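This report refers to the structure that appears directly beneath it.
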């Protein structure tokens, strides 16, 4: 995983597998406090205590298709390499919160990456899931809610070329405005 | 062109598009659509599944093929990522491995459009995953 966007996509995939119907992704950057935080909140099936203890273990996975589970382990590795940490809170039946904190100025903190493409792919790839994105910096906050967006689109598919370009530009412009990932 | 910054700008674009295109007869029943599922777990992402997915979305839209592109988890073929499962209407799903842009183009041109199988199918006894 080279960027924080990749990590986000990866962890959100866990939520999707946990049958979440609503996934909230919150980025917050604060250069004054030197903190870069990403929080992913879902209403999926959650994890028991035993499972939670194993979650960041690379040789543990809840899948049967393979024997390793690297998603959270890699996130933890990158967070700890940049003086940060990963915290997971989960309750069976309620959902899971994954919070990763990085030191903003740390050389080993992965760059944000092309977050607009990741958001777009998530929206296209999972039309039945509600996504709420929020990105906070000192310059401001950008929010996007997929239900609101789809309502606005009124049946026009977001894969349609012009709509797609407009949507990506919309994301890019707004994130640039609040200096996200700079 | 003015910058697109607000939801109103997006709505404007949508309205322009709406008046321009006649919505394709998108029979909402998925049996009539080509279904493309991209494996997007850790292994997929690390191998570039994002580019593959974007390519499929762009290309299928450009060529006006009635298809839905979705994401799925790991299919257990991490060694062959990015993996893509393609289900043609009325046919069994087929999984292709090592799908970069070139392979994706071949899959669209040969398998999706003409229905001829191409190399790179894994494995023989595949059943679609329900996770």
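Here, each number is a calculation from the coordinates, and none is a lab measurement. All of these numbers come straight from a predicted model, not from anything done at the bench. Cβ atoms come from the backbone with ideal geometry, glycine included; neighbour counts cover every protein chain shown.
At a Förster radius of 41 Å, what calculated FRET efficiency corresponds to the Cβ-Cβ distance of residue A:87 and residue A:151, to the nearest 0.05? Intermediate values should be presented prior to the final figure.
Numbers: r = 34 Å, r/R0 = 0.82.
With R0 = 41 Å, the Cβ-Cβ based efficiency is 0.75.
In percent, rounded to a whole number, the relative contact order of the stretch B:28-122 is 32, using alpha-carbon pairs under 8 Å and six or more apart.
Here the peptides A:80-93, B:66-79 are ranked by packing, the mean other Cβ count within 10 Å, and the order with the highest first is B:66-79, A:80-93. Between residue A:182 and residue B:119, the simple spin-label model (points 7 angstrom out along Cα→Cβ) gives 4.8 nm.
Peptide A:149-162 is shielded by partner chain Cβ atoms: per residue, an average of 5 of them sit within 10 Å of its Cβ. The simple spin-label model puts a point 7 Å past each Cα toward its Cβ; for residue B:66 and residue B:79 those points are separated by 4.0 nm. Taking chain A as a Gaussian network, where each spring joins two C-alpha atoms under 10 Å apart, which residue of A:117, A:165, A:78 fluctuates the most? Of the options given, A:165 has the highest mean-square fluctuation. Here the extension length gained between residue A:68 and residue A:108 equals 11.9 nm, from 0.36 nm per residue of separation less the Cα-Cα distance. A helix-only calculation puts the protein assembly as shown at -10000 deg cm²/dmol for mean residue ellipticity at 222 nm, using -39500 (n - 2.57) for each DSSP H run of at least four residues, averaged over all residues.
Efficiency by 1/(1 + (r/R0)^6): what FRET value for residue A:128 and residue A:54, r their Cβ-Cβ distance, R0 = 35 Å, to the nearest 0.05? Can you show the working numbers first?
Working: r = 29 Å, r/R0 = 0.83.
Given R0 = 35 Å and the Cβ-Cβ separation, E is 0.75.
Using alpha carbon coordinates only, what is the Rg to Rh ratio of the protein assembly as shown, with Rh defined as the Kirkwood radius?
Ratio of gyration radius to Kirkwood radius for the protein assembly as shown: 0.96.
Over all directions, the projected convex hull of the C-alpha atoms in the stretch A:1-105 averages 6.5 nm² in area. For chain A, the Kirkwood hydrodynamic radius comes to 17.0 Å, computed from all pairs of different C-alpha atoms.
From Cα pairs below 8 angstrom and at least 6 apart in sequence, can you work out the relative contact order of chain A, rounded to a whole percent? Mind showing how you got there, number by number?
Values: 315 pairs, mean separation 44.7, N = 182.
Result for chain A is 25 percent.
With R₀ set to 41 Å, the beta-carbon distance separating residue B:15 from residue B:101 gives a calculated FRET efficiency near 0.80.
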